[in-house]
Structure formats: structure tokens, C-alpha cells
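Below is one structure, written out as C-alpha cells; comments come after it.
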Amino acid sequence: MDIFQAMTPFLLASIGGLYTEYSGTTNVAIEGYMTMSAFLFITIYKITGSYFLGITLALILIILLSFIHSYLTVKLKANSIITGLAVNMGFFGLISTIEFKLFNTKGVIFLERTTRLDSSWLIVVALILPLLTMFIINKTRYGLRLRIRGISKKTLMYSNINPDFYRISAVIVSGILAGLGGIFLAMELRSFIPNISAGRGWISLVIIYLGRKHPIGIFFGCLIFSITQIFSNFSQKMAIPSDIILAFPYILTLVALILTSRTKVKKDSL
Amino acid sequence: MNIIEMNHICKYFHVNNTQALDNMRLSVKQGEIHAIVGENGAGKSTLMKILHNIEKCDSGEITISGNTGMVSQHFRLIDELSILENIIIGVEPCKMGFLIDNKQSKESIKRILDKYGFHLDINEKVGNLSIGQKQLVEIIKIIFNNSDILIFDEPTSALSDNEAHKLRETLLSLKKNGKTIIIISHKIKDIESISDRFTIMRKGQYIETVETKNVNLDEISRHMSGSDIVKTIINTTNSVGKVLYSFNTKQLKTSIHENEIIGITGYGDCGLHTLENDLEEISLKNENIGYVPSDRLGKGVELNSLLKETMIAKKRFNFSKIGLLQTKRINDYCNGLIRKFNIKGYINSITGTLSGGNLQKTVLARVLDTDPEILVLCSPTWGIDLESSNNIYNQIKLLKDRNRGIILLSSDIDEILKLSNRIFVMYKGNIIKELKNDGSASQEIIGKFSSGIIND
């Protein structure tokens, strides 16, 4: 169970990011969305005391935020990397401001000791997500058009389809899924701490490339990163420094990327 | 009955400060083939984009009774997807509103293929198809879309003569099945052989609409440019000078002489493309060989940079002092080129906003200005109107008269016959015949060789 628990936030965030990759852009704000939704969930839960309300309201707000983020990026033709970074930084600023206003702290928000939050359903969601995504991408109308959006905007335009819808919706999907990942982390800890996602959003971006932008590849990417994470926790008892174990998946990604780009060159020269 | 009525259409482009359409009008009858003619940059494509609702007009009224479908000059197909997937984009038959119904799509496409007698394996990837086949896929796509009005933007410019002939027949059979067709074309042949009526545009304005059968060919070209075109005539039987360079590639083993044009032609995938790649490599290694690529959008220019940057791309070092570009000298030089080659554009406009003919003139201007001893010229006039083509031919003539050698690669046999001293015909990757262009060579003979028939 441990391994699945470790995989869940990675899977949610990276499969979400995969949708934006299909639409032809990269959502670099995944980290921000994870942290933001963890914060929103804990805050709303603390205020209302309702588990259901916490999740729904947090997700609705995330949808709103990701809509604004993507709408402005698409309509103003801004660079998506820059706006993504701005969203990341903006979210962290926003969180500490609201936190200070509401709870008079810039640190950890605890829930009651006795609170029990059921997060197991999110693990199930995360595990079926790769297969579900494959189905959506290959078999549905939305999936086909999303893929086409990533390759050629003009093709959609000439078929009188609004191409912007597919990019905006992809960012919203990735916001929701990254948000669920953040909510999962908050549930596990039963509290919000600043930097709760601890780079998992960034790692998810790496996983997308390690998995060669394929849902099953991403599943194994998540597996590798989760295993190394668990190993590094044990490694304190062993002779190997935990840093080396943690660095292993990055080295693997680097090798994978170099190998992929080499095969691409070969294909082109034919 | 008129299926399309467009009135008082105006469109202004801020990027390059031009009034693309100025009080333009157009009416098309149900079930006719209506051609739109005019020079490059007359606003034909813009008008069609407005009709197909891809671009909005600033003002004007449009009444359309039917669906439109458009095949643009540069195809919008996706190489990575199958023919089937490419065709259904936009009108995917679905189960429960979101699940793509492949079975139903296949049946519908089969019906279209049978009805019009097309042959295609719809599971094949589009990337593997030839240009002619890709165009067929585009046509099936708009029929599948249930379009009543089919718009074609220069459909024959990228096709070989054979394929163009097939396309014209397809268009006629579409008309027989009740479709209304609008076609933009520079080729007089397209207009005279299939269109019922045509509308002439000049500088974004409506000139007139004419019944095709009431006019003759020369009149069409005169109507298009607003003036009689002085045809450039090039002597193809002159005596040549000394050897300039001997080519020894896998396919081409010959010498080019002073004052000579060698024309190389062939149908479809006959190897012109590989030959072009080989010649490009040679030209990169040799300063005296200039090269004008056939893929002018991809290799010739950078669409997002300024026109003056495109013009000095190859000789930017001449315009720099201690590593800084000298703006004034660049501007003077580029304005000079624009005047000399009659390019319709400004030095500070974005290259991509120029029309195809002006882009080609830009590429040619850049290469000719280096005054190469030998010029490799690939499909110099595809997609370019008559006046610009003549302009380009004139430049070629001037270059030749200065004792230069020119290698011309083109699938346009007319062009080859008009310019070349010697003609090489390619078939299945090899040059199978060399001819002297002294009156004995003709369309038919070259056509035969291009199909691989030598002994006759």
C-alpha cells in the first residue's frame, strides 16, 4: 500500500500535465496548483468542518483559477512558461497572505488531532487514471481534437472548431488533477504546511518526459520515483547516501531524454 | 439562384498596413464552378477565409445558403494520424455523444469513395501519401463534412500535370453531384477547362464577373493584371560558352556551360526532390553556385522575421561593424533590392505577410544579388501569378545573358520548354533521357518520357 500511496500525487499531477502536453503546451504551474488546492482544502475544511464541501469548493476554486490562467495565456498570446511561473509565484504569495489574515500564521495549519480523512478513493482514482486517459485520448472525440490541437491549430480552424477551447480545457483538467494530488497530500498529513508538495509538481513534469508522454510510460515513471523516495527514507540505516538514491530517477530521465532525441534524429535523416 | 452573396466586404490588416479587401463583392450561383482570379496579393485567399468564417471581415454582408468546406493551399492534414482520423475531424460520428464511432465513419467514407471512384486505404498514415493523394484526402474530408460549397485555394499549383488533370476531372464530377465549387487559380488551364464563370479581383477590389465561354485566354490574363503582359521570350537554341562546372552526383552527370539553361523535369516522385537535395549540398560548399529552393516557406525565408532581415540573411557579416549591425546601410541596401526586383512589401514588414509571389521574388533577389556563376533554381514559379512569373523569367533571362549557367528543376513542362537549352527527363529516380530544346521537344514527347516510355 505504501508504494501506491507514494505514487498517487505523482500520478494525478503528471497525468494531468499530460493533457496540456497533448494540447501542445506545458503547464509549469502544477506545483502551484498542488499547493494551492491543499491549502484551500484544509482552510475550507477547518472553517466549515465538512469533508465534502472542502473537496468540492477547493476544486471549484481551482477550476476558476486555472480557467483565468489559461484564458489569459491563450487570449493574450502570452508565453505559457512565463505565465505558468507567474502563477506559481502568485499562488505562494496569495497563500501566505490569506493564511496570515485568517489564522494569523504563515506556517502550518493543523486540523484537530481526532480528524480522520478518508483518502483511499483518491488512490483508486489515481491508479485507473492512466488507462482512463488512454481511452479518452484514443477513443473519444475530445481526445482526437485535443491531440490535433497540439499538432496543428489551423487544422481545427479550417474545420470551424474553436481551437482555444481544447487548450483551455486541458489546463483546467491538469489543474483539477494536480489539485486532487495536493488534496491527497493534505489529507495524509491532516494539515497544511507551506511547501507541502515539496517539488512533486516539478517532478511530475520530469515524469511526463521520462514516460515519453504516454500514460503507461508515466505510470512506470511514477513507480520509479516513488520507489526511490521510499528507499531514500530507509537509506539512513544503510551506507548509501540518500541523495544518490534520490538523484537516480533524474539521471534516468536525462538518459531517457538523450536516447529519445537520438532516435528522433535518426528518423529525420532517413 | 445565388447560393453565395457577399457585398461591401472590407478588411484591413494592421500587421502590414494594407487594405486587403476594399468594398469587395461576389455572387456565386448554385451548382456552378466559379473561379476567382487575380494577382498574388489581390486578396483572393482573404476573401475565401472570410467566406469560410476563419477570418472576420471589418464590414460587409454575407449570405450563404449551405455549409462551406475549404481546401487551403497549404494542406491542413496531420501526418501522424490515419486518413480516417484526418477525414472525420470536426464532424466525428459519435456514439453517446462522445465515443468515436469508427465503424460508421468507415462506412460513410466507403460510400464517398465508391460514389466518386476514388481509391485510398483509409487506415494508412497521411504522412506516407503523395501530394496528389493528400489533396484527395482533403477533398473527401470536405465532402464528408457535408459541405455544399467547396472552396479550393490554388489546388493545382503543387500538382504535376497528370495529377492536375485528374483533379479537374474530380471537380467536374463533384459539380455533377450538385456541389457548388469556388476555385482560386493562376493557371489559365484550370479556368478555361472547368469554370463556368469567373470573378476578377485586383488590389482587393471587385473588377468584374465574366462567363468563361465568352472570353479567350489572352483576355483572361489581361483582365487579371489590368495590362497586357509583355511575354519574356528566351532563346533556347543559342550557342553556349565554356564549361563552368561539372556535376557528378548520383543522378546528374553533366557539365553546365556559360549562357546555358539546363531544365530537369519529371512527374510526381520521380527523384527531382533527391536531386534538389544533392544540388543544395553542392551549392552550400561552392560559393559560385546560388540556390533557390522549391520549399520557399521552409528553406527560403523565415516567416516571423522582418523582410530586411530575410534579405540580408546570407550576408549579414557584410553589414556589421565590431559585431553590430549597421541599420542605415541595411535599410538602404534592402530598399534598393525592393525597387530593383519590384517586390511589393516594406523593409520592416514581417516576412510572412508577403504574398507567395513576393516571397519568391525576395528569395530570388537575395540570391541574384550575390551574382552567382551558376544558379540552381527549383520550381521558381509555382503558386505565382502570370505577371510575377514573367518578371522572374525576365530576371532569369538577364542572368543568362551575363554568361551565367542555370539549372532549372521544375515539374511544369511549359516552363521547362520555355527556358531550357537542354532538357533532362527523370523517371523513377534516374535521368532517362536528354533532349535538345530546338523545336523537336514538345509537351507530348516529354510527357511520354516522364511516364517511362523511351522506345517508341
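The values are calculated or read from the model by the stated rules, or taken from the named source; none is laboratory data. Source: prediction; values computed, not measured. Please note: Cβ atoms are built from the backbone with ideal geometry, for glycine as well, and neighbour counts cover all protein chains shown.
Taken together, the criteria place B:Ser72 among residues that are touching a helix residue (DSSP H, G or I) at 6+ places or on another chain (Cβ under 8 Å), surrounded by fewer than 23 Cβ atoms within 10 Å (Cβ to Cβ), within 22 Å of B:Asp196 (Cα to Cα) and not aromatic (Phe, Trp, Tyr).
Among the residues of region B:285-328, the ones that are in a helix (DSSP H, G or I), among the β-branched types (Val, Ile, Thr) and without any contact (Cβ under 8 Å) to a residue 12 or more places away in the chain come to 1 in all. Scanning region B:153-173 for residues that are in contact (Cβ under 8 Å) with a residue 60 or more places away in the chain and either of a type in the set (S, T, N, Q) or out of contact with any helix residue (DSSP H, G or I) (no Cβ under 9 Å at 6 or more places or on another chain) (or both) gives B:Ser157, B:Ser160, B:Asn162.
Sub-7 Å Cβ pairs linking a first residue in region A:201-217 that is farther than 20 Å from A:Arg147 by Cβ to a second residue that is crowded, with 18+ Cβ neighbours inside 10 Å and among the charged types (D, E, K, R), at least 6 apart or interchain, are A:Gly201/A:Glu31; A:Trp202/A:Glu31, ordered by first then second residue. Of the listed requirements (1) over 19 Å from the mean Cα position of the chain (by Cα); (2) surrounded by fewer than 20 Cβ atoms within 10 Å (Cβ to Cβ); (3) of a type outside the set (A, V, I, L, M, F, W, C), B:Glu192 misses just one: (1).
When A:Phe100 is tested against the conditions (1) within 14 Å of chain B (Cβ to nearest Cβ); (2) aromatic (Phe, Trp, Tyr); (3) in contact with a Lys or Arg (Cβ under 7 Å, 6 or more places away or on another chain), the lone failure is (1). Within region B:263-273, can one find any residue that is crowded, with 17+ Cβ neighbours inside 10 Å, touching a residue at least 24 places away in the same chain (Cβ under 8 Å) and under 18 Å from B:Gln395 (Cβ atoms)? Yes, region B:263-273 contains a residue that is crowded, with 17+ Cβ neighbours inside 10 Å, touching a residue at least 24 places away in the same chain (Cβ under 8 Å) and under 18 Å from B:Gln395 (Cβ atoms). Every test in (1) polar (S, T, N, Q); (2) farther than 29 Å from B:Thr362 by Cα; (3) modelled with pLDDT under 90 is passed by B:Asn40 save one, and that test is (2).
Within region B:23-79, the set of residues being within 13 Å of chain A (Cβ to nearest Cβ), in contact with a Phe, Trp or Tyr (Cβ under 6 Å, 6 or more places away or on another chain) and basic (Lys, Arg) comprises just one member, B:Arg76. Residues that are surrounded by fewer than 17 Cβ atoms within 10 Å (Cβ to Cβ), under 15 Å from B:Ile78 (Cα atoms) and out of contact with any Leu (no Cβ under 6 Å at 6 or more places or on another chain) do occur in region B:114-123. Number of residues in region B:80-96 that are without any contact (Cβ under 8 Å) to a residue 12 or more places away in the chain and at the interface with chain A (Cβ under 8 Å from one of its Cβ atoms): the value is 2.
Of the residues making up region A:151-168, those that are more than 7 Å from every other protein chain (Cβ to nearest Cβ), touching a helix residue (DSSP H, G or I) at 6+ places or on another chain (Cβ under 8 Å) and either under 15 Å from A:Thr73 (Cα atoms) or crowded, with 19+ Cβ neighbours inside 10 Å (or both) are A:Leu156, A:Pro163, A:Asp164, A:Tyr166, A:Arg167, A:Ile168. Residues in region B:345-384 that are surrounded by 23 or more Cβ atoms within 10 Å (Cβ to Cβ) and charged (D, E, K, R): B:Lys361 alone. Considered as a group, the residues in region A:185-229 that are part of a helix (DSSP H, G or I) and of a type in the set (D, E, K, R) include one that is surrounded by the most Cβ atoms within 10 Å (Cβ to Cβ), and that residue is A:Arg200.
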